[in-house]
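Visitor: First, the structure itself, so that you have it in front of you.
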């Protein structure tokens with residue numbers, strides 16, 4: 001019996017996962033946790049590729065979507081998948097080793113500011129509203145901006161932008 005393309009690709013993916021886990025072991029990468037549930041993600045090992053890690057056995061807890069990285073983009077994708085009619089039934093996990101995501105220890109408005117910031121445009125804000133994330137972002141420290149100046153590190157040139165120039169109230173949000 002010749003394998004179907006689906007079976008062949010599954011076998012290829014299985015072999016790739018085994019090799020990936022072997023490489024990860026060699027570099028001492030620890031298994032991360034699923035921030036939505038706090039349970040460890042199953043790891044794939046070289047012996048039969050069904051190693052038990054942290055009480056979860058591969059195959060017992062299968063996912064439809066695994067998102068690696070709990071930053072702004074990864075969490076937005078997870079939020080979108082859980083809110084869209086065609087994808088809200090999917091089992092989604094965000095895999096990230098950042099302890100702040102697991103503990104939900106976010107920066108509060110009255111807390112010490114973090115010097116690392118992200119800027120989002122009105123189009124991104126619209127996406128965040130559609131997926132139900134914008135109301136949570138507004139609870140954090142934030143500021144809208146209507147003007148921006150960008151310059152070259154040599155100081156020889158710059159350009160300025162203004163929301164008024166394009167008939168908008170603001171250019172974005174920090």
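Visitor: So, in the stretch 160-174, how many residues would count as being exposed (fewer than 10 other Cβ atoms within 10 Å of the Cβ) and over 21 Å from residue 118 (Cβ atoms)? Step through it out loud before you land on a result.
Guide: Start the filter on the stretch 160-174 by keeping residues that are exposed (fewer than 10 other Cβ atoms within 10 Å of the Cβ), which leaves 166-167, 169.
Adding the requirement that they be over 21 Å from residue 118 (Cβ atoms) leaves 166-167.
The total comes to 2.
Visitor: (1) in contact (Cβ under 8 Å) with a residue 24 or more places away in the chain; (2) not in a helix (DSSP H, G or I): which one isn't true of residue 76, the others all being true?
Guide: Every listed condition holds for residue 76 apart from (2).
Visitor: To continue, here is another question. Return the total of residues in the stretch 79-98 being touching a strand residue (DSSP E or B) at 6+ places or on another chain (Cβ under 8 Å) and not in a loop (DSSP other than H, G, I, E, B).
Guide: Residues flagged as touching a strand residue (DSSP E or B) at 6+ places or on another chain (Cβ under 8 Å) and not in a loop (DSSP other than H, G, I, E, B) within the stretch 79-98 amount to 7.
Visitor: I'd like to check something: does the stretch 60-77 contain any residue that is more than 30 Å from residue 148 (Cα to Cα), surrounded by fewer than 13 Cβ atoms within 10 Å (Cβ to Cβ), more than 16 Å from the chain's Cα centre (by Cα) and modelled with pLDDT under 75?
Guide: Yes: the stretch 60-77 contains one or more residues that are more than 30 Å from residue 148 (Cα to Cα), surrounded by fewer than 13 Cβ atoms within 10 Å (Cβ to Cβ), more than 16 Å from the chain's Cα centre (by Cα) and modelled with pLDDT under 75.
Visitor: Could you check the stretch 128-174 and list, in sequence order, the residues that are assigned to a strand (DSSP E or B) and within 30 Å of residue 86 (Cβ to Cβ)?
Guide: 172, 173
Visitor: Could you grab me the full set of residues in the stretch 99-121 that are assigned to a loop (DSSP other than H, G, I, E, B) and modelled with pLDDT of 70 or more?
Guide: Matches in the stretch 99-121: 110, 111, 112, 113, 114, 115, 116, 117, 118, 119, 121.
The values are calculated or read from the model by the stated rules, or taken from the named source; none is laboratory data. Just so it is clear, the model here is predicted, and its values are computed rather than measured. With ideal geometry, Cβ positions are generated from the backbone for all residues, glycine too; neighbour counts draw on all protein chains shown.
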